[in-house]
Amino acid sequence: MFRRSVVAGCGAYLPERVVTNEELAKRVDTSNEWIVQRTGIRTRHIAAENQKTSDLAVAASQEALKHAGIEASDLDLVVLATATPDHTFPSTATAVQSSLGMTRGAAFDVQAVCSGFVYAINVADNFIRLNQADNVLVIGAETFSRILDWKDRSTCVLFGDGAGALVLKGEQGTGDNTDRGVLSNCLHSDGRYHNLLYVDGGPSATQTVGHLRMEGREVFKHAVKNLSSVVGEALDLAGLASEDVDWLVPHQANQRIISSTARKLRVGNEKIVMTVERHANTSAASIPLALEDAVSNRRICKNDVIVLEAMGGGFTWGANVIRW
Ligand code: ACO
(Lines give C-alpha, C1' and ligand atoms only; values in the text may rest on other atoms or scores of the structure.)
Protein backbone atom coordinates (compact mmCIF):
# COMPACT_ATOMS: atom_id res chain seq x y z
CA MET A 1 0.00 0.00 0.00
CA PHE A 2 1.35 3.44 -0.96
CA ARG A 3 0.80 6.12 1.70
CA ARG A 4 0.14 9.73 0.76
CA SER A 5 -0.07 12.81 3.00
CA VAL A 6 -3.28 14.51 1.90
CA VAL A 7 -4.19 18.07 2.92
CA ALA A 8 -7.31 17.84 5.12
CA GLY A 9 -7.57 21.49 6.20
CA CYS A 10 -5.80 24.80 6.63
CA GLY A 11 -6.00 27.83 8.90
CA ALA A 12 -4.34 31.18 9.47
CA TYR A 13 -4.01 33.94 12.02
CA LEU A 14 -2.77 37.52 11.62
CA PRO A 15 -2.36 39.90 14.56
CA GLU A 16 -4.89 42.73 14.65
CA ARG A 17 -2.46 45.61 14.35
CA VAL A 18 -1.71 46.63 10.75
CA VAL A 19 1.32 48.85 10.17
CA THR A 20 1.52 50.81 6.90
CA ASN A 21 4.64 51.96 5.07
CA GLU A 22 3.67 55.55 5.89
CA GLU A 23 3.71 54.71 9.60
CA LEU A 24 7.20 53.23 9.25
CA ALA A 25 8.36 56.32 7.40
CA LYS A 26 7.72 58.26 10.62
CA ARG A 27 10.19 56.00 12.49
CA VAL A 28 13.00 55.49 9.95
CA ASP A 29 14.25 57.33 6.86
CA THR A 30 12.16 55.54 4.24
CA SER A 31 9.08 56.10 2.06
CA ASN A 32 6.05 54.21 0.83
CA GLU A 33 7.36 54.61 -2.75
CA TRP A 34 10.75 53.04 -1.97
CA ILE A 35 9.25 50.07 -0.13
CA VAL A 36 6.56 49.38 -2.76
CA GLN A 37 8.95 49.73 -5.68
CA ARG A 38 11.71 47.49 -4.22
CA THR A 39 9.53 44.88 -2.49
CA GLY A 40 5.80 45.19 -3.32
CA ILE A 41 5.04 45.46 0.44
CA ARG A 42 2.34 47.94 1.52
CA THR A 43 1.31 46.71 4.99
CA ARG A 44 2.32 44.14 7.62
CA HIS A 45 0.66 42.81 10.80
CA ILE A 46 2.55 43.21 14.08
CA ALA A 47 1.85 41.11 17.19
CA ALA A 48 0.68 42.80 20.39
CA GLU A 49 3.22 42.96 23.20
CA ASN A 50 1.60 40.09 25.09
CA GLN A 51 1.22 37.84 21.99
CA LYS A 52 3.80 35.09 21.67
CA THR A 53 4.58 32.99 18.60
CA SER A 54 2.68 30.10 20.23
CA ASP A 55 -0.45 32.29 20.62
CA LEU A 56 -0.45 33.02 16.89
CA ALA A 57 0.19 29.34 16.16
CA VAL A 58 -2.67 28.15 18.38
CA ALA A 59 -5.17 30.50 16.69
CA ALA A 60 -4.11 29.28 13.21
CA SER A 61 -4.15 25.64 14.35
CA GLN A 62 -7.67 25.87 15.77
CA GLU A 63 -8.87 27.12 12.37
CA ALA A 64 -7.02 24.33 10.55
CA LEU A 65 -8.47 21.63 12.83
CA LYS A 66 -11.98 23.03 12.35
CA HIS A 67 -11.49 23.13 8.57
CA ALA A 68 -10.24 19.52 8.62
CA GLY A 69 -13.15 18.44 10.83
CA ILE A 70 -10.92 16.77 13.43
CA GLU A 71 -10.15 17.30 17.13
CA ALA A 72 -6.74 17.99 18.66
CA SER A 73 -7.02 14.56 20.31
CA ASP A 74 -6.94 12.98 16.81
CA LEU A 75 -3.46 14.40 16.13
CA ASP A 76 -0.38 12.17 16.31
CA LEU A 77 2.21 14.86 15.66
CA VAL A 78 2.75 18.63 15.67
CA VAL A 79 5.64 19.99 13.59
CA LEU A 80 6.11 23.73 14.05
CA ALA A 81 8.46 25.78 11.88
CA THR A 82 9.79 28.93 13.52
CA ALA A 83 12.93 31.00 13.95
CA THR A 84 11.28 33.11 16.68
CA PRO A 85 10.33 30.55 19.36
CA ASP A 86 8.67 31.64 22.61
CA HIS A 87 11.70 30.43 24.57
CA THR A 88 15.07 28.80 23.92
CA PHE A 89 13.40 25.64 25.22
CA PRO A 90 11.05 23.81 25.46
CA SER A 91 9.89 23.89 21.86
CA THR A 92 7.07 26.22 20.85
CA ALA A 93 5.36 23.13 19.40
CA THR A 94 4.93 21.70 22.91
CA ALA A 95 3.31 24.97 24.08
CA VAL A 96 0.88 24.67 21.15
CA GLN A 97 0.26 21.00 21.94
CA SER A 98 -0.68 21.92 25.50
CA SER A 99 -2.93 24.86 24.53
CA LEU A 100 -4.77 22.68 22.02
CA GLY A 101 -5.39 20.08 24.74
CA MET A 102 -3.44 17.34 22.95
CA THR A 103 -1.86 15.00 25.48
CA ARG A 104 -0.56 12.16 23.34
CA GLY A 105 1.72 11.90 20.31
CA ALA A 106 4.75 14.15 19.82
CA ALA A 107 5.52 17.79 19.09
CA PHE A 108 8.73 19.52 18.03
CA ASP A 109 10.07 22.60 16.22
CA VAL A 110 11.89 22.76 12.91
CA GLN A 111 14.35 25.61 12.30
CA ALA A 112 15.11 26.52 8.70
CA VAL A 113 14.10 30.20 8.94
CA CYS A 114 12.07 31.26 5.87
CA SER A 115 12.28 27.72 4.42
CA GLY A 116 10.91 26.29 7.67
CA PHE A 117 7.45 25.43 6.39
CA VAL A 118 8.77 23.62 3.31
CA TYR A 119 11.11 21.63 5.59
CA ALA A 120 8.25 20.91 8.04
CA ILE A 121 5.99 19.56 5.26
CA ASN A 122 8.80 17.19 4.22
CA VAL A 123 9.28 16.01 7.82
CA ALA A 124 5.53 15.47 8.33
CA ASP A 125 5.25 13.64 4.99
CA ASN A 126 8.05 11.26 6.01
CA PHE A 127 6.29 10.44 9.32
CA ILE A 128 3.05 9.71 7.46
CA ARG A 129 4.65 7.66 4.69
CA LEU A 130 6.52 5.55 7.28
CA ASN A 131 3.25 4.89 9.11
CA GLN A 132 4.51 6.68 12.23
CA ALA A 133 1.57 9.13 12.14
CA ASP A 134 -1.90 9.43 10.60
CA ASN A 135 -2.85 13.03 11.40
CA VAL A 136 -0.16 15.72 11.50
CA LEU A 137 -0.51 19.41 12.22
CA VAL A 138 2.14 21.41 10.33
CA ILE A 139 2.52 25.01 11.49
CA GLY A 140 4.56 28.02 10.41
CA ALA A 141 4.50 30.76 13.06
CA GLU A 142 6.68 33.82 13.61
CA THR A 143 7.02 37.07 15.53
CA PHE A 144 9.88 38.55 13.49
CA SER A 145 9.00 42.02 14.85
CA ARG A 146 10.84 40.91 18.04
CA ILE A 147 14.19 40.37 16.28
CA LEU A 148 14.17 43.42 14.00
CA ASP A 149 16.49 46.34 14.50
CA TRP A 150 13.87 49.09 14.23
CA LYS A 151 16.63 51.61 13.47
CA ASP A 152 17.83 49.67 10.39
CA ARG A 153 15.70 50.81 7.46
CA SER A 154 17.20 48.18 5.15
CA THR A 155 15.59 45.33 7.12
CA CYS A 156 12.82 46.59 9.44
CA VAL A 157 10.47 47.48 6.57
CA LEU A 158 10.54 43.96 5.11
CA PHE A 159 8.99 41.72 7.78
CA GLY A 160 5.72 41.01 9.60
CA ASP A 161 4.17 38.58 12.12
CA GLY A 162 1.63 35.80 11.60
CA ALA A 163 0.90 32.07 11.60
CA GLY A 164 -0.59 29.45 9.30
CA ALA A 165 -1.26 25.74 9.66
CA LEU A 166 -2.15 22.68 7.58
CA VAL A 167 -3.53 19.32 8.67
CA LEU A 168 -2.01 16.41 6.73
CA LYS A 169 -3.76 13.05 6.82
CA GLY A 170 -2.41 9.64 5.79
CA GLU A 171 -4.42 8.08 2.94
CA GLN A 172 -3.91 5.23 0.56
CA GLY A 173 -2.64 6.25 -2.88
CA THR A 174 -1.57 4.52 -6.07
CA GLY A 175 1.95 5.95 -6.08
CA ASP A 176 1.53 7.89 -9.33
CA ASN A 177 1.16 11.64 -9.75
CA THR A 178 -2.61 11.57 -10.10
CA ASP A 179 -2.83 10.88 -6.33
CA ARG A 180 -3.94 13.68 -4.06
CA GLY A 181 -1.39 14.69 -1.41
CA VAL A 182 2.32 15.47 -1.21
CA LEU A 183 3.88 14.21 -4.46
CA SER A 184 7.48 15.29 -3.89
CA ASN A 185 9.82 17.22 -1.58
CA CYS A 186 13.24 18.66 -2.27
CA LEU A 187 15.43 20.32 0.39
CA HIS A 188 18.85 21.98 0.26
CA SER A 189 21.16 24.03 2.44
CA ASP A 190 24.59 25.59 2.03
CA GLY A 191 26.05 26.85 5.31
CA ARG A 192 28.86 28.73 3.57
CA TYR A 193 26.39 31.59 3.17
CA HIS A 194 25.26 31.77 6.80
CA ASN A 195 26.68 35.29 7.28
CA LEU A 196 24.58 36.87 4.51
CA LEU A 197 21.36 36.52 6.52
CA TYR A 198 21.53 35.83 10.26
CA VAL A 199 20.68 37.01 13.76
CA ASP A 200 23.61 38.50 15.69
CA GLY A 201 22.58 36.93 19.01
CA GLY A 202 21.69 33.60 20.59
CA PRO A 203 22.00 31.65 23.85
CA SER A 204 25.36 30.06 23.13
CA ALA A 205 27.09 32.79 21.12
CA THR A 206 26.10 35.97 22.97
CA GLN A 207 23.48 35.14 25.62
CA THR A 208 21.26 37.77 23.97
CA VAL A 209 18.38 37.50 21.51
CA GLY A 210 20.04 39.66 18.85
CA HIS A 211 18.81 41.34 15.68
CA LEU A 212 18.35 40.23 12.09
CA ARG A 213 21.18 41.23 9.75
CA MET A 214 21.11 40.83 5.99
CA GLU A 215 23.06 41.55 2.81
CA GLY A 216 19.87 42.12 0.81
CA ARG A 217 21.40 42.33 -2.65
CA GLU A 218 23.39 39.10 -2.22
CA VAL A 219 20.35 37.27 -0.84
CA PHE A 220 18.32 38.42 -3.84
CA LYS A 221 20.86 37.02 -6.34
CA HIS A 222 20.96 33.60 -4.70
CA ALA A 223 17.19 33.46 -4.19
CA VAL A 224 16.10 33.55 -7.84
CA LYS A 225 18.76 31.02 -8.92
CA ASN A 226 18.15 28.55 -6.07
CA LEU A 227 14.37 28.78 -6.12
CA SER A 228 13.93 28.20 -9.84
CA SER A 229 16.31 25.23 -9.77
CA VAL A 230 14.74 23.57 -6.71
CA VAL A 231 11.22 23.90 -8.16
CA GLY A 232 12.48 22.22 -11.33
CA GLU A 233 13.95 19.39 -9.24
CA ALA A 234 10.74 18.90 -7.23
CA LEU A 235 8.59 18.86 -10.39
CA ASP A 236 10.95 16.29 -11.99
CA LEU A 237 10.70 14.11 -8.87
CA ALA A 238 6.90 14.28 -9.09
CA GLY A 239 6.98 13.46 -12.82
CA LEU A 240 5.39 16.84 -13.65
CA ALA A 241 6.38 19.92 -15.64
CA SER A 242 5.83 23.70 -15.31
CA GLU A 243 2.73 23.47 -17.54
CA ASP A 244 1.10 21.13 -14.98
CA VAL A 245 1.33 23.70 -12.16
CA ASP A 246 -2.03 25.24 -11.23
CA TRP A 247 -0.69 27.43 -8.41
CA LEU A 248 2.78 28.57 -7.38
CA VAL A 249 2.67 29.44 -3.67
CA PRO A 250 6.07 30.99 -2.96
CA HIS A 251 7.58 32.17 0.29
CA GLN A 252 6.46 35.81 0.36
CA ALA A 253 9.75 37.71 0.74
CA ASN A 254 9.65 40.15 -2.12
CA GLN A 255 7.44 40.60 -5.20
CA ARG A 256 10.49 40.96 -7.45
CA ILE A 257 12.02 37.65 -6.26
CA ILE A 258 8.67 35.91 -6.75
CA SER A 259 8.07 37.31 -10.26
CA SER A 260 11.64 36.67 -11.45
CA THR A 261 11.48 33.06 -10.20
CA ALA A 262 8.10 32.48 -11.87
CA ARG A 263 9.38 33.98 -15.14
CA LYS A 264 12.39 31.62 -15.09
CA LEU A 265 10.02 28.69 -14.53
CA ARG A 266 7.62 29.92 -17.26
CA VAL A 267 4.73 30.00 -14.78
CA GLY A 268 2.26 32.80 -15.66
CA ASN A 269 1.51 35.64 -13.23
CA GLU A 270 -2.13 34.51 -13.03
CA LYS A 271 -0.93 31.28 -11.35
CA ILE A 272 1.04 32.96 -8.54
CA VAL A 273 -0.48 33.35 -5.09
CA MET A 274 0.86 36.69 -3.83
CA THR A 275 0.17 38.07 -0.33
CA VAL A 276 3.46 39.91 0.30
CA GLU A 277 1.70 43.23 -0.39
CA ARG A 278 -0.51 42.79 2.73
CA HIS A 279 1.58 40.48 4.97
CA ALA A 280 5.23 41.39 4.15
CA ASN A 281 7.77 38.64 4.86
CA THR A 282 6.47 36.48 7.74
CA SER A 283 9.29 33.92 7.33
CA ALA A 284 8.05 30.35 8.01
CA ALA A 285 4.45 31.57 8.26
CA SER A 286 4.26 33.14 4.80
CA ILE A 287 3.44 30.00 2.77
CA PRO A 288 0.64 28.65 4.99
CA LEU A 289 -0.79 32.20 5.25
CA ALA A 290 -0.79 32.47 1.44
CA LEU A 291 -2.30 28.98 1.09
CA GLU A 292 -5.14 29.78 3.46
CA ASP A 293 -5.79 33.06 1.64
CA ALA A 294 -6.05 31.28 -1.74
CA VAL A 295 -8.20 28.46 -0.35
CA SER A 296 -10.64 30.79 1.41
CA ASN A 297 -10.92 32.90 -1.80
CA ARG A 298 -11.76 29.66 -3.65
CA ARG A 299 -8.76 30.02 -5.96
CA ILE A 300 -7.10 26.75 -4.92
CA CYS A 301 -9.49 23.83 -5.53
CA LYS A 302 -9.42 20.08 -4.97
CA ASN A 303 -6.99 18.24 -7.29
CA ASP A 304 -5.06 21.40 -8.25
CA VAL A 305 -1.28 20.95 -8.49
CA ILE A 306 0.37 23.35 -6.01
CA VAL A 307 4.08 24.12 -5.77
CA LEU A 308 5.48 25.56 -2.53
CA GLU A 309 8.96 27.09 -2.62
CA ALA A 310 11.13 29.01 -0.16
CA MET A 311 14.63 30.21 0.60
CA GLY A 312 15.98 31.54 3.87
CA GLY A 313 18.93 32.01 6.20
CA GLY A 314 21.56 29.31 6.20
CA PHE A 315 21.11 29.38 3.23
CA THR A 316 18.30 26.86 3.22
CA TRP A 317 15.90 26.35 0.33
CA GLY A 318 13.38 23.81 -0.87
CA ALA A 319 10.11 22.99 -2.62
CA ASN A 320 7.11 20.67 -2.22
CA VAL A 321 4.71 19.56 -4.94
CA ILE A 322 1.20 18.82 -3.63
CA ARG A 323 -1.97 17.76 -5.39
CA TRP A 324 -4.58 19.55 -3.27
N1 ACO B 1 14.10 53.09 2.42
C2 ACO B 1 14.80 53.92 1.64
N3 ACO B 1 16.05 53.63 1.22
C4 ACO B 1 16.59 52.46 1.60
C5 ACO B 1 15.89 51.55 2.43
C6 ACO B 1 14.59 51.90 2.84
N7 ACO B 1 13.85 51.11 3.62
N8 ACO B 1 16.68 50.48 2.64
C9 ACO B 1 17.82 50.69 1.97
N10 ACO B 1 17.77 51.88 1.35
C11 ACO B 1 18.78 52.53 0.51
C12 ACO B 1 20.19 52.02 0.80
O13 ACO B 1 20.76 52.71 1.89
C14 ACO B 1 20.89 52.36 -0.51
O15 ACO B 1 21.22 53.71 -0.51
P16 ACO B 1 22.60 54.22 -1.17
O17 ACO B 1 22.51 53.84 -2.63
O18 ACO B 1 22.55 55.68 -0.92
O19 ACO B 1 23.69 53.50 -0.45
C20 ACO B 1 19.80 52.14 -1.56
O21 ACO B 1 18.55 52.18 -0.84
C22 ACO B 1 19.93 50.82 -2.28
O23 ACO B 1 20.12 49.77 -1.32
P24 ACO B 1 20.18 48.27 -1.74
O25 ACO B 1 20.29 47.43 -0.51
O26 ACO B 1 21.21 48.09 -2.80
O27 ACO B 1 18.72 48.13 -2.39
P28 ACO B 1 18.13 46.96 -3.23
O29 ACO B 1 17.65 47.46 -4.52
O30 ACO B 1 19.04 45.77 -3.25
O31 ACO B 1 16.83 46.57 -2.37
C32 ACO B 1 16.14 44.89 -0.80
C33 ACO B 1 16.98 46.16 -1.03
C34 ACO B 1 14.69 45.24 -0.98
C35 ACO B 1 16.40 44.42 0.63
C36 ACO B 1 16.57 43.81 -1.82
O37 ACO B 1 17.94 43.65 -1.84
C38 ACO B 1 15.91 42.50 -1.54
O39 ACO B 1 14.73 42.35 -1.66
N40 ACO B 1 16.71 41.47 -1.18
C41 ACO B 1 16.18 40.19 -0.82
C42 ACO B 1 16.14 40.16 0.65
C43 ACO B 1 14.96 39.41 1.23
O44 ACO B 1 13.87 39.41 0.73
N45 ACO B 1 15.25 38.77 2.34
C46 ACO B 1 14.26 38.12 3.09
C47 ACO B 1 14.79 36.92 3.75
S48 ACO B 1 15.41 35.77 2.58
C49 ACO B 1 14.16 35.32 1.74
O50 ACO B 1 13.13 35.25 2.30
C51 ACO B 1 14.34 34.98 0.31
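The values are calculated or read from the model by the stated rules, or taken from the named source; none is laboratory data. None of the values given here were measured: they were computed from a predicted structure. Backbone-built Cβ (ideal geometry, glycine too); neighbour counts: all protein chains shown. These accessible areas exclude ligands, DNA and RNA; they are computed on the full protein's heavy atoms, side chains included. Shrake-Rupley method; radii C 1.70, N 1.55, O 1.52, S 1.80 Å.
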For this session: Sort 43-52, 26-35 for me by packing, meaning the mean count of neighbouring Cβ atoms within 10 Å per residue, highest on top.
Result: 43-52, 26-35
Problem set entry | Cβ-defined net charge surrounding VAL28, 15 Å radius [Lys, Arg +1; Asp, Glu -1] | 0
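Under a 1.4 angstrom probe, counting protein chains only, how are TRP317, TRP150 ranked by accessible area, largest first?
Values: TRP317 30, TRP150 65 Å².
Highest to lowest solvent-accessible surface, that is TRP150, TRP317.
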Seminar exercise, completed: Taking the dipole of the range 1-100 about the Cα centre (Lys, Arg +1; Asp, Glu -1; charges at Cβ), the one of GLY40, VAL7, GLN97 that reaches farthest to the positive side is GLY40
Exercise. What is the sum of charges around ALA12, taking Lys and Arg as +1, Asp and Glu as -1, for the other residues whose C-beta is under 13 Å from the C-beta of ALA12?
Worked result: -3
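Return a whole-number percent for the relative contact order of the range 181-323, with Cα pairs under 8 Å and 6 or more residues apart as the contact set. Walk me through the intermediate numbers first.
Working: 255 pairs, mean separation 53.3, N = 143.
Reported relative contact order: 37 percent.
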Problem set entry | Percent of beta bridges antiparallel (DSSP, the range 2-173, rounded to nearest 5) | 70
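For the range 2-173, give the magnitude of the charge dipole about the Cα centre (Cβ charges: +1 Lys/Arg, -1 Asp/Glu; no others), in debye to the nearest 20.
Numbers: 16 positive and 20 negative charges, 50 e Å.
Approximately 240 debye in magnitude.
Is the chain best put as rounded, prolate or oblate by its Cα gyration tensor, with a ≥ b ≥ c the root eigenvalues, rounded for a/c under 1.5, and otherwise prolate when a/b is larger than b/c, oblate when not? Each step should come with its number before you reach the end.
On the way: a/c = 1.61, a/b = 1.23, b/c = 1.31.
Oblate shape, in that a/c is at least 1.5 and b/c is the bigger or equal ratio.
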Exercise. Restricting to the chain, what percent of DSSP beta bridges are antiparallel, rounded to 5?
Worked result: 75
Exercise. To the nearest 20 debye, what is the magnitude of the charge dipole of the chain about its Cα centre, counting +1 on the Cβ of each Lys and Arg and -1 on the Cβ of each Asp and Glu?
Worked result: 540
Seminar exercise, completed: Listed by chain and number, the residues whose amide H is under 5 Å from that of GLY201, excluding neighbours fewer than 5 places away on the same chain and using placed H, are HIS211
Problem set entry | Cα gyration tensor, the range 181-323 - rounded (a/c under 1.5), prolate or oblate | prolate
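I want the local charge near GLY116. Using Cβ-Cβ distances under 10 Å, sum +1 for each Lys or Arg and -1 for each Asp or Glu among the other residues.
Details: positive: none; negative: ASP109, GLU142.
So the surrounding residues net to -2.
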Problem set entry | Mean ellipticity per residue at 222 nm, deg cm²/dmol - from DSSP H runs of n ≥ 4 across the chain, formula -39500 (n - 2.57) | -9500 deg cm²/dmol
Exercise. Roughly what % antiparallel, to the nearest 5, for the DSSP beta bridges in the range 181-323?
Worked result: 80
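What is the total of Lys pairs in the range 181-323 with C-alpha atoms under 22 Å apart, excluding same-chain pairs fewer than 8 positions apart?
Working: LYS221/LYS264; LYS225/LYS264; LYS225/LYS271; LYS271/LYS302.
Going through the range 181-323 pair by pair, I get 4.
Mind ranking 14-22, 72-80, 205-213, 257-265 by how tightly packed they are, going by the mean number of other C-beta atoms within 10 angstrom, highest first? Write down the numbers at each step before the final one.
Values: 14-22: 16.3, 72-80: 21.9, 205-213: 14.2, 257-265: 19.8.
Ranked by mean Cβ neighbours within 10 Å, highest first: 72-80, 257-265, 14-22, 205-213.
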For this session: Would you work out the charge dipole size for the range 181-323 about its Cα centre, treating the Cβ of every Lys and Arg as +1 and the Cβ of every Asp and Glu as -1, and quote it to the nearest 20 debye?
Result: 260
For this session: Could you pull out every one of the lysines with an alpha carbon less than 28 Å from that of LYS52, ignoring same-chain neighbours closer than 8 positions?
Result: LYS26, LYS66, LYS151, LYS169
Problem set entry | ³J(HN,Hα), Karplus 6.51/-1.76/1.60, whole Hz, each residue of the range 259-276, x for Gly, Pro | 5, 5, 5, 4, 4, 4, 8, 6, 9, x, 4, 5, 9, 9, 8, 10, 10, 4
Exercise. Out of residues 5 or more away from LEU183 or on other chains, whose amide H comes under 5 Å of its own, with H placed 1.01 Å from N in the peptide plane?
Worked result: VAL321, ILE322, ARG323
